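Colleague: Dropping the structure in here first, questions after.
The values are calculated or read from the model by the stated rules, or taken from the named source; none is laboratory data. None of these values were measured; they are calculated from a predicted model. Positions of Cβ are generated from backbone atoms using ideal geometry, with glycine treated the same way; all protein chains shown enter the neighbour counts.
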Amino acid sequence: MNIQESLTAVLTQPSTDTLWQLRADLLQAGLPAESSAWRILDKFYAFINELSASMSAHEFSKLATMLDIGAVGGVAIQNLLESDLEPAELWRRIVAGGLSESLMVLASRQYVKGARAGMTGVCQATAWVLYGEFWQLSTQMQPELEPATRRQLIDNLLAVIHDDSVPEEVKIGLNGRLFQILLVQHLSLSTGQIIS
């Protein structure tokens, strides 16, 4: 498998297996050890692994469908492969397109009810990690933002996770989607020459 195929698999069928394959492909391609993409890949793997270990195979496969970003995955990869696209522009495209598409996917998949209420802790711990990652990436991609504005944007991004009226499967889906967005962005910052 090549990096394009394994990245597509992570964006359309995230699992420990697809993340493992992407990791192996990135190692083989020589992604530098200091790339921030490794940190995101490790945290995404830990999130998916914890979910799959806590749920039955049937529940997890139903939940995994919520992490399928389908067409957005194709657009993200296409943007990632465009060598003339500035990282800041890719950041804006990924966040805008990925989040709007994720809300549509999550809304259309309300039939997924397999997530356990016990996943609250997983969601909260993951949101904690994501908050720091989005703060760091936003600081890098949009250094002109005032800290109060940056905080408000990230608070708004993760507000669903803290809303008790939102079903756990939606929170899990959003956390997974945010990891996918971070992974694509971090890879775009360090792998243009590797993926093309």
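Colleague: Is it true that some residue in the stretch 163-172 is over 30 Å from GLY30 (Cα atoms), touching a residue at least 60 places away in the same chain (Cβ under 8 Å) and not hydrophobic (A, V, I, L, M, F, W, C)?
Modeller: Yes - at least one qualifying residue is present in the stretch 163-172.
Quick grid of which residues meet (1) out of contact with any helix residue (DSSP H, G or I) (no Cβ under 7 Å at 6 or more places or on another chain); (2) of a type in the set (S, T, N, Q); (3) within 18 Å of PHE47 (Cβ to Cβ):
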site	(1), (2), (3)
THR126	no, yes, yes
GLU133	no, no, yes
SER138	no, yes, no
LEU145	no, no, no
LEU158	no, no, yes
LEU182	no, no, yes
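Colleague: I want to confirm something. Restricting to the stretch 136-148 and keeping residues that are aliphatic (A, V, I, L, M) and within 18 Å of GLN185 (Cα to Cα), which single residue is surrounded by the most Cβ atoms within 10 Å (Cβ to Cβ)?
Modeller: The selected residue is LEU137.
Colleague: Another question about this same structure. For LEU178, only one of the following conditions fails: (1) within 12 Å of PHE44 (Cβ to Cβ); (2) without any contact (Cβ under 8 Å) to a residue 12 or more places away in the chain. What is its number?
Modeller: (2)
Colleague: Could you look through the stretch 162-187, keep only residues that are of a type in the set (Gly, Ala, Ser) and surrounded by fewer than 24 Cβ atoms within 10 Å (Cβ to Cβ), and pick out the one that is modelled with the lowest pLDDT?
Modeller: Of everything passing the filter in the stretch 162-187, SER165 is modelled with the lowest pLDDT.
Colleague: Take the stretch 133-165 and flag every residue that is farther than 15 Å from LEU182 by Cα, part of a helix (DSSP H, G or I) and not hydroxyl-bearing (Ser, Thr, Tyr).
Modeller: Those that are farther than 15 Å from LEU182 by Cα, part of a helix (DSSP H, G or I) and not hydroxyl-bearing (Ser, Thr, Tyr): PRO147, ALA148, ARG150, ARG151, GLN152, LEU153, ASP155, ASN156, ALA159, VAL160, ILE161, HIS162.
Colleague: If you take the residues in the stretch 149-161 that are within 17 Å of TRP128 (Cβ to Cβ) and either among the polar types (S, T, N, Q) or in contact (Cβ under 8 Å) with a residue 40 or more places away in the chain (or both), which one is surrounded by the fewest Cβ atoms within 10 Å (Cβ to Cβ)?
Modeller: Across the stretch 149-161, the extreme among qualifying residues is ASN156.
Colleague: I need the full set of residues from the stretch 4-20 which are within 13 Å of the chain's Cα centre (by Cα), without any contact (Cβ under 8 Å) to a residue 60 or more places away in the chain and buried (at least 18 other Cβ atoms within 10 Å of the Cβ), in order please.
Modeller: Answer for the stretch 4-20, where residues must be within 13 Å of the chain's Cα centre (by Cα), without any contact (Cβ under 8 Å) to a residue 60 or more places away in the chain and buried (at least 18 other Cβ atoms within 10 Å of the Cβ): ALA9, SER15, LEU19.
Colleague: Take the residues in the stretch 30-49 that are among the charged types (D, E, K, R) and modelled with pLDDT of 95 or more, then tell me which one is farthest from THR16 (Cα to Cα).
Modeller: Applying the filter and picking the extreme gives ARG39.
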